[in-house]
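Worksheet: the structure to be examined is printed underneath.
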Amino acid sequence: MLIVSRGLDPAISMVSGRDLDYAALRARHEGAEVEVTWLESNEPSYLLYTSGTTGKPKGVQRDVGGYAVALALSMRTVYDVGPGQVMFSTSDVGWAVGHSYNVYGPLIAGATSLLYEGLPTHPDPGIWWKLCADYGVRTMFSSPTGIRVLKKQDAAWLRRHDLSALKWLFLAGEPLDEPTAQWINEGLGKPVIDNYWQTETGWPVLTLLPGLDLKPIKFGSPGLPNLGYKLRVIDETSGADAAPGQKGVLVIEPPLPPGCMTTVWNDDQRFLSSYFSHFKELLYSSLDWAVRDEDGYTFILGRTDDVINVAGHRLGTREIEESVATHPSVAEAAVVGVHDALKGQVPVVFATLRQAAADSPESAASGMLQRVVEQLGGVARPARVYVVNALPKTRSGKLLRRSLQALAEQRDPGDLSTLDDPGALEECRRALERGPSGGA
Ligand code: AMP
């Protein structure tokens, strides 16, 4: 493990043979010339284990040549960043976005990558925009979770700094709900572009291409297939192409484009069985539900494994989340299916409120229920709404719905090693003990 001391805890105990001290290594190697090592283009460049929300992690293996090509292309066509320009990605460098667009993408493009280690709200909620102003950031890349954190604060924080150099805000990694997209778009006065991709793909699958030819933005949709991707939305059982407006599974027709994973580390068989064995045809399954509109814009409706069954009706928890999030008091919501003796499963909401609404959880909860009934019908009405101060997430910002579901069903919440803030799960446990703010 590489240990970087921030000087906060002088008593870090190093385990010999396992830990390396960053400061000592830097002193030893600073200024060293490292010779280029030439690799055949199919050699592995790195391994990334898929996030803990998807069960037993798989080592996603990427190559060298194809990946470099995908990054070089996308820096121009997707992110619109060239030599000498500045890109700011708020991702952790340990995640797929961090590898691709904090490190390799900007370096390959001859651009500057701005790295920031810290919270979006410290020392104040304007820090990201101050950094954009100070360093002349042209393209910023963050996540819907990051923006929802800011959404709890006054929108005036978005306008305190000179953002004249900033051209684009990209958001990726999880569903970008329409109210959040709208809030940040209006607050910043900049185009907000939703990107859909997976650790497995390494670069966007669905996006708009502002560096090439910007098509109209439709909030709620990450847009159109990226260059190199042959995408289809197909019926889960028949495998037939879904008509516009009809829900199906998003699949990639092989060969996968450059940049995408080449196999599961040490396990070609698992690569095939996890991704290519869901349909009669050889197709890569994203394991995400999707629907396309008449113009070909794709909307992601959540993981195929997030589906719940309420009295014989199949509901995507993501659709209910989207509906709950349209309520103006809601900052963020997670919906999980909880076992119910009568209906099989019922949807249960865990929600955080925007600051202005924090003192009236009951009225917020009843407003959320009303939204769901209006938008999705009575069958989707959540059985219970728990208002909490924080939701459990992985360090990459993904909601840990499985753990919430386990808690709500009085089961063990499982492996919590990917949890960012253990206090959030504890908070949800206490909320379950206190009882719901609405529902039933
Ligand atoms: P990960 O590999 O951990 O980044 O997770 C990838 C998954 O995150 C996808 O399969 C989607 O379920 C979700 N995801 C990523 N980006 C988006 C997006 N823009 N809209 C909706 N879901 C997304």
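In the chain, Cα pairs under 8 Å separated by at least six residues give a relative contact order of 11 percent. Over segment 1-158, Cα pairs under 8 Å with separation of 6+ residues give a relative contact order of 16 percent. Taking other residues whose beta carbon is less than 15 angstrom from the beta carbon of residue 276, and scoring Lys, Arg as +1 and Asp, Glu as -1, yields 0. Apply the a/c threshold of 1.5 to the C-alpha gyration tensor of segment 205-282 and tell me whether it is rounded, prolate or oblate. Oblate, because a/c is 1.5 or more while a/b does not exceed b/c. Which is the longest run of the chain containing none of the trypsin sites (Lys or Arg not before Pro) found in DSSP loop states (not H, G, I, E, B) with at most 10 other C-beta atoms within 10 Å? Between the exposed loop sites, the longest stretch runs 19-279. Using a Gaussian network model of the chain in which every pair of alpha carbons under 10 angstrom is joined by a spring, one finds that among 98, 118, 220 the greatest mean-square fluctuation is at 118. Just to verify a number: FRET efficiency for residue 412 and residue 370, C-beta to C-beta distance, R0 = 35 Å, to 0.05? Computed FRET efficiency for residue 412 and residue 370 comes out at 0.55.
Taking a straight line from the alpha carbon of residue 280, these lysines sit under 22 Å away, with near neighbours fewer than eight places off in the same chain left out: 230, 247.
By the scheme Lys and Arg +1, Asp and Glu -1, what is the net charge of all other residues having a beta-carbon under 12 Å from that of residue 406?
Values: positive: 401, 402, 411, 429; negative: 409, 412, 415.
Net charge in that neighbourhood comes out at +1.
Which residues' amide hydrogens lie under 5 Å from the amide hydrogen of residue 303, considering only partners 5 or more residues apart or on another chain, with H built in the peptide plane? The list, which skips near neighbours in sequence, is 289. Between 29, 122, 99, where does the largest GNM mean-square fluctuation fall for the chain, given springs only between Cα atoms within less than 10 Å? Most flexible of the set in this elastic network: 29. Could you tell me which of rounded, prolate or oblate describes the chain, using a ≥ b ≥ c as the square roots of the eigenvalues of the alpha-carbon gyration tensor, with rounded for a/c under 1.5 and, failing that, prolate when a/b is larger than b/c and oblate otherwise? Rounded.
Considering only 331, 365, 24, the Gaussian network model of the chain with Cα springs below 10 Å gives its largest mean-square fluctuation to 24. Of the GluC sites (Glu not before Pro) in segment 277-380, the ones in a loop by DSSP (not H, G, I, E or B) with at most 16 other beta carbons within 10 Å are 281, 294. Taking the helices alone, the chain has a mean residue ellipticity at 222 nm of -7000 deg cm²/dmol, built from -39,500 (n - 2.57) per DSSP H run of at least 4 residues and averaged over all its residues. Of the cross-linked pairs 152/343; 218/343; 167/218; 130/167, those separated by over 24 Å at the C-alpha level are 152/343; 218/343.
Each value in this text was obtained by applying a stated rule to the coordinates, not by laboratory testing. The structure displayed is predicted, hence computed values, not measured ones. Note that each Cβ is placed from the backbone with ideal geometry, even for glycine, and that neighbours are counted across all protein chains shown.
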